[in-house]
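What follows is calculated from the coordinates using simple rules that are stated; it is not laboratory data. Computed from a predicted structure; not experimentally measured. Virtual Cβ from ideal backbone geometry, glycine too; neighbours counted across all protein chains shown.
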Amino acid sequence: MTVGSSFQSLLRLWLKHSNADHFDDCTWRPGEAQWEKLSEICARNAGTEFGRKHHFDRVRSPADFQLAVPPQTYDMLAPYIDRMTAGEANVLTADKPLLFATTSGTTGAAKFIPVTPSYLHEYSHGIHVHTYRTFADFPDLLEGRLLVSSSNDEEGRTAGGTPYGAISGYLTKTQPGVLRKFFVLPYEICRIKDIESKYYLTLRHALVADIRGIITPNPSSLLLLAQTMRAHADELIDDIGRGTVNPAYLPAGAPPGLTAGLGPDRQRAKQLAACVRATGSLIPAEVWPNLRCMSCWKGGTMPLYLRKLPEFFGDVPVRDLGYMASEGRGGTPLVNSGAAGVLNVTTHFFEFVPAEQRDAADPDFLTGEQLESDHEYYVYLTTSAGLYRYDINDLIRVVDFYRHTPVIQFVRKGQGISSITGEKLTEAQVTAALLSVVERGGFDLDHVTACVEWGDPPSYALYCETPRLWPGDMCRQFVEAIDGALSAGNVEYEAKRTSRRLGMPVLKQVAPGSFTALRQERVAAGAPEAQVKIPHLSTDMRFGEKLKVVDEYRLASVDVSP
Amino acid sequence: MTDLETVLASIPMFRHLGIRQRARLALLFCRRTYQPGAVIVRQGDTSMSFYVVLTGKVRVVRQSAGGTVDIVEEGPGSFFGEMGVIDDLPRAATVMALTGTECGLLAKWDFQRELSADPGIALSLISVLNARIRTLEERLTLTGGA
């Protein structure tokens, strides 16, 4: 056993006793565990303005809490959060925020989530349980190093002087020194805004290491990593051999930590050059032969990216990273199969509203142990970040049970629905249609987003980025297949198409790199790079204006095939 | 309420266990009830538990490129989900309740711990899996898929 494996065993033991065993035990008694968590949050924050106003001191049960506190949206909490960002204490939380986490900005304006020490403890608990299980299943990860992406934790400072940014960057910055040597990327990389520079420098560090595990929220980041490796193979090999970093990728005023330890490694450069000679390029599966596992999001819109991973990474197992956001961590995957995780009963307090009751005047608010298999629910969180009965606007589905605790999978954001003529098309339906068409028809697609195009009749425009421009026949096949798949998955869409209230989809092929540019735009606007999600269905009517369309295919409207 | 230990005694994998062993094993199961038509597990989803049907009736179906194929209908004493919790692959089939159904669920690691602790369970499981393969082969032959 090497030093790395021994250290991993010790770390696993610590994770087991500090977090994993408690979580495992609580899956037998989720109701009790949830009440313990809720009462802890209420007791700690009873003296805050929000806690006093809602009588946290009188809460003796989840039912008391539900009576005392109405469900909250971000807009309802925003006046409190604004005062917190201005530096006022004891408003939503008793403990002072260490930073404000900004949400990914995938929908609407950025939100500020107060990251208090107790919230960070809750958040880390989920990470520790996930890590414990991953260490158990892959016992030699720390014989090499881990490539873990993170985003900038300090985009700026609030009026009160507290930093705001991404939790992932903060966790990297405050990592214990004893752990840091197992992570290949220096903290400073998370602060780079330019995506091309960030990925080049990531590879400059990672290509000289024996990478055993990769963790990044979005699988599209893994594809971007592989594409950057291929596109810049010669430059990277040259830099590695000479111990340099091409200045074109170094941001102005780059801190020394960004390039620390990047000395010449001629032997590694020779190995990589041999890879290029043998395969024509640098491929992750070849340059990191000991890669044991990867972890990223697998639910929602991600399968379209996941299907491309084997081309670059071979058959390395992919474990879901968990249903999580800046606002909280909902589920912890403990196995590789599927995209679901066990509800984090020891992390936050959760409530669920059945999907069909979302717009009801008096919906049922259920707790974890009341959920039913294969049913969909909207999630409401109560966390130590000062979010109380917070409507995160996420739809989840229960896929299994682990003892008495539901195993949940993220389905989509609540507003991922488009309805021009009453078709109520969901992002999940678009993703399912794309997957079925791509798998059956062999269409090679990098990115797709559908959005409404007004006309007579209106229709859906499919903005597609493809490795090469498709000929007319292929465009027609794709459009017809997507139309058929959407009709098969949504009876309202089928009815509207049949009655010609909705037109045939329009295919708009965009210039290569368009979606990466979109991603860059989001990052520049303050979204954490690792978490940027470009939706498969956009309700932003001006979505297409940001893309350069190089070819448009419009089929004359026909009835839906029976 | 159906006696879980009695149902376990009817399952080939657990038949050889003594009364005390079965009683201990029964404590590791959780019970859940399902309405008629409810999907208990869905093909392609994460597998976290092994299921034993205690009361009612379930239908096992499998989706493929050619459509949905009914695999089998089963009642009390039948079980499913053993493959997913062993090989960490997604659910191989969808199981739905045909009538009001009660199942006993054994969590992945509790099930694996039993397999490690008692080779008798593991050996019986091999026979069960063999029987499943034979059934599938017969079905494929009948439908002209083999």
Mind giving me the nanometre distance, one decimal, between the label points for A:TRP28 and A:GLU88, set 7 Å out from Cα along Cα→Cβ? 4.6 nm
Assigning unit charges at the beta carbon (Lys, Arg +1; Asp, Glu -1) and nothing else, what dipole magnitude in debye, to the nearest 20, does segment A:9-56 show about its Cα centre? 180 debye
When the scattering of segment A:1-80 is computed by the Debye formula from its Cα atoms alone, each counted once and equally, what is log10 I(q)/I(0) at q = 0.17, 0.18, 0.21 Å⁻¹? -0.79, -0.83, -0.96
Taking the Cα centre of the protein assembly as shown as origin, sum charge times position over the Cβ atoms of Lys and Arg (+1) and Asp and Glu (-1), and report the length of that vector in debye to the nearest 20. 1040 debye
Amide H partners (placed H, <5 Å) of B:VAL72, local residues excluded: B:VAL60
Restricting to Cα pairs below 8 Å that are 6+ residues apart, what does the relative contact order work out to for chain A? Please round to a whole percent. 14 percent
Which residues does the label zone of A:ALA355 cover in segment A:400-421, counting backbone N under 19 Å from a point 7 Å along Cα→Cβ? A:400-401, A:406-420
R0 of 60 Å, Cβ-Cβ distance A:THR498-A:VAL3: FRET efficiency to nearest 0.05: 0.35
Based only on other Cβ atoms within 10 Å, what is the fewest-to-most ordering of A:MET84, A:MET504? A:MET504, A:MET84
When Rg is the radius of gyration of the Cα atoms in segment A:225-303 and Rh is its Kirkwood radius, what does Rg/Rh come to? 1.04
Assuming 0.36 nm per residue, please report the length gained on full extension of the stretch A:GLN227 to A:ASP21 beyond their Cα-Cα distance. 70.1 nm
Per the charge dipole of segment A:326-454 (beta-carbon charges, Lys/Arg positive, Asp/Glu negative, Cα centre), the residue among A:VAL448, A:ILE420, A:VAL345 reaching farthest to the positive end is A:VAL345
Take peptides A:122-133, A:256-267 and line them up by average Cβ neighbours within 10 Å, highest first, as a rough protection proxy. A:122-133, A:256-267
To the nearest whole number, what is the average tally of beta carbon atoms from other chains within 10 Å of the beta carbons of peptide B:33-39? 2
Assuming a ≥ b ≥ c are the square roots of the Cα gyration tensor eigenvalues, decide whether segment A:327-384 counts as rounded (a/c under 1.5), prolate (otherwise, with a/b larger than b/c) or oblate. oblate
Report, in deg cm²/dmol and to the nearest 500, the calculated mean residue ellipticity at 222 nm for the protein assembly as shown, where each DSSP H run with n ≥ 4 adds -39500 (n - 2.57) and the sum is divided by the residue count. -11000 deg cm²/dmol
Just to be sure I understand the curve: with the Debye formula and one point per C-alpha of segment A:257-403, what is log10 I(q)/I(0) at q = 0.09, 0.14, 0.15, 0.20 Å⁻¹? -0.45, -0.79, -0.86, -1.22
If a/c stays under 1.5 just call it rounded; otherwise compare a/b with b/c (prolate if a/b is bigger, oblate if not). Do that for segment B:41-89, with a ≥ b ≥ c from the square roots of the Cα gyration tensor eigenvalues. oblate
Sparsely packed trypsin sites (Lys or Arg not before Pro) within segment A:380-474, loop by DSSP, other Cβ within 10 Å at most 15: A:LYS424, A:ARG468
Please state the shape class of segment B:60-135: rounded when a/c is under 1.5, otherwise prolate if a/b exceeds b/c and oblate if not, all from the C-alpha gyration tensor. prolate
Taking R0 as 56 Å, what's the FRET efficiency between A:ARG157 and A:LEU555 from their Cβ-Cβ distance, rounded to 0.05? 0.60
Bridge type composition, the protein assembly as shown - antiparallel percent by DSSP, nearest 5: 80 percent
Within 10 Å of each residue's Cβ, count the other Cβ atoms and sort A:MET229, B:MET83 from fewest upward. B:MET83, A:MET229
Label-point gap, in nm, between A:GLU439 and A:LEU10 - each point 7 angstrom along Cα→Cβ: 4.6 nm
Between the helical axis of B:119-142 and the dominant principal axis of chain B, each derived from Cα atoms, what acute angle in degrees is found, rounded to the nearest 10? 20 degrees
Paramagnetic reach from A:HIS121 (point 7 Å along Cα→Cβ, amide N under 18 Å) across segment A:34-55: A:34-48
Using θ = phi - 60° and the Karplus curve 6.51 cos²θ - 1.76 cosθ + 1.60, what whole-Hz ³J(HN,Hα) does each residue of segment A:387-402 get, with Gly and Pro shown as x? 9, 10, 6, 7, 7, 7, 6, 10, 9, 10, 10, 8, 9, 6, 10, 10
What's the local net charge at B:ILE126, with K and R +1, D and E -1, over the other residues with C-beta under 12 Å away? 0
Between segment A:1-61 and segment A:177-249, how far is it from one alpha carbon centroid to the other, in angstrom? 35 Å
Taking each pair of distinct Cα atoms in the protein assembly as shown once, what is the resulting Kirkwood hydrodynamic radius in Å? 27.3 Å
Quick one: which residues, 5 or more positions from A:THR539 or on another chain, have an amide H under 5 Å from its amide H? H modelled 1.01 Å from N in the peptide plane, none for Pro or chain starts. none
Exposure proxy order (Cβ contacts within 10 Å, fewest to most) of A:ASP153, A:ASP456, B:ASP3: A:ASP456, B:ASP3, A:ASP153
Contour minus Cα-Cα distance for B:LEU129 and B:ARG15 (0.36 nm per residue): 39.4 nm
Computed FRET value (nearest 0.05) for A:LEU179 with A:VAL491, which takes r as the C-beta separation and R₀ as 41 Å: 0.20
With the charge dipole of the protein assembly as shown built from beta-carbon charges (+1 for Lys and Arg, -1 for Asp and Glu) about the Cα centre, the Cα from B:LEU54, A:GLY386, A:GLN370 projecting farthest to the positive end belongs to A:GLY386
Report the extension gain between A:ASN246 and A:ILE420 in nm, rounded to one decimal, defined as 0.36 nm multiplied by the number of residues separating them, less their alpha carbon distance. 57.7 nm
Leaving out same-chain residues fewer than 8 places away, which aspartates and glutamates sit with a Cα under 19 Å from that of A:LYS111? A:ASP75, A:ASP82, A:GLU88, A:ASP153, A:GLU154, A:GLU155, A:GLU327, A:ASP391, A:ASP394, A:GLU521, A:GLU529, A:ASP540
Note to self: C-alpha centroids of segment B:71-116 and segment A:355-383 sit apart, in Å, by 26 Å
Considering every Cα-Cα pair within chain B, what fraction, in whole percent, is farther apart than 24 Å? 30 percent
Please state the charge dipole magnitude for segment A:219-373, taken about the Cα centre, from unit charges on C-beta atoms (+1 on K and R, -1 on D and E), reported in debye and rounded to the nearest 20. 1040 debye
